[in-house]
Amino acid sequence: MTSPYKSIVILTGAGISAESGIPTFRAADGLWENHAIEEVATPEGFQNNPVLVHQFYNQRRRDLLHPDVKPNSAHSELARLEHQLESLSNTRFMLITQNIDNLHERAGSRKLIHMHGELLKMRCRETGLIFDIRQDLTLDHICRCCRQPGNLRPHVVWFGEIPLAMNQIEQALMACDFFAAIGTSGNVYPAAGFNQLAKRYGARTVELNLESTGSSFDEHHYGKASETVPALVNEILKNL
Ligand code: OAD
């Protein structure tokens, strides 16, 4: 079968997980509430007060693991898109998320890049080795590789650090002919510039958001991700 696209890249942000019960960053009740970004999301913040930073991410991890938090239809439709494209077409597909939750993989997405890291992973500051974590992380935690306490940090990208897999992401953006950004405010670079890079290389660019972000895309679809994403996926798949 033929697809109208050779290569599709989708970027997601906190808005796609909002309907699953995870607050966005910049909403009035957002994740940074009560904390300055510098305190909990920078290497300097971790150096100054590692206990506070661990507490912040421990609470995020507990919230994510709450039984009520589940993928919503926007996550599952993106997983369906990936699987349908794989079985029915030659279209390449890449899902890039800025989210550190695991809702895309729980919904079944596999071709997924967590450019800002993952809440359910921790990393040794000595060796860079990455381990799974589902419980609280503290300064007493003994690292499995270096056998030292205090060396483990959340495997998340903080401000001032370089997002993960940037080479792979840039190659995909330059090669794609369809790019969609879902539920992201376009405040944080480099992700906020992905639409422009894809556009420069000829992609159709589409924004799906609750409201206007002021970012420049060919098309804007406003509404809840649980409604706009299934509509977009249906539109792509009906042309297969
Ligand atoms: P933001 O909190 O900045 O933006 C969330 C966006 O989602 C907003 O534009 C909302 O309008 C939109 N939104 C909210 N609910 C929605 C829904 N139900 N359906 C569709 N859209 C909805 O979150 P991000 O753009 O993801 O980085 O933030 C980017 C980065 O800033 C994060 O990854 C994080 C933060 O600093 C790091 O920590 C490195």
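A few remarks follow.
- This ranking places Arg106, Arg60 by how few other beta-carbon atoms lie within 10 Å of each, fewest first, which gives Arg106, Arg60.
- Candidate cross-link partners of Lys238 among the aspartates and glutamates, defined by an alpha-carbon separation under 16 Å and a same-chain spacing of 8 or more, comprise Glu77, Glu82, Glu86.
- For Ser87 and Glu235, the difference between the fully extended length at 0.36 nm per residue and the C-alpha to C-alpha distance is 51.6 nm.
- Note on the range 89-169: Cα Rg divided by 2.2 N^0.38 Å, N the number of residues, gives 1.25.
- Relative contact order %, the chain, counting alpha carbon pairs below 8 Å whose residues are six or more apart: 24
- Within the chain, the longest segment free of exposed loop sites, counting GluC sites (Glu not before Pro) that fall outside DSSP classes H, G, I, E and B and have at most 15 other Cβ atoms within 10 Å, spans 34-125.
Each reported figure results from applying straightforward, stated rules to the coordinates on display, with no laboratory input. Being a predicted model, the structure only gives us computed values, none of them experimental. No Cβ is skipped: glycine too gets one built from the backbone with ideal geometry, and neighbour counts run over all protein chains shown.
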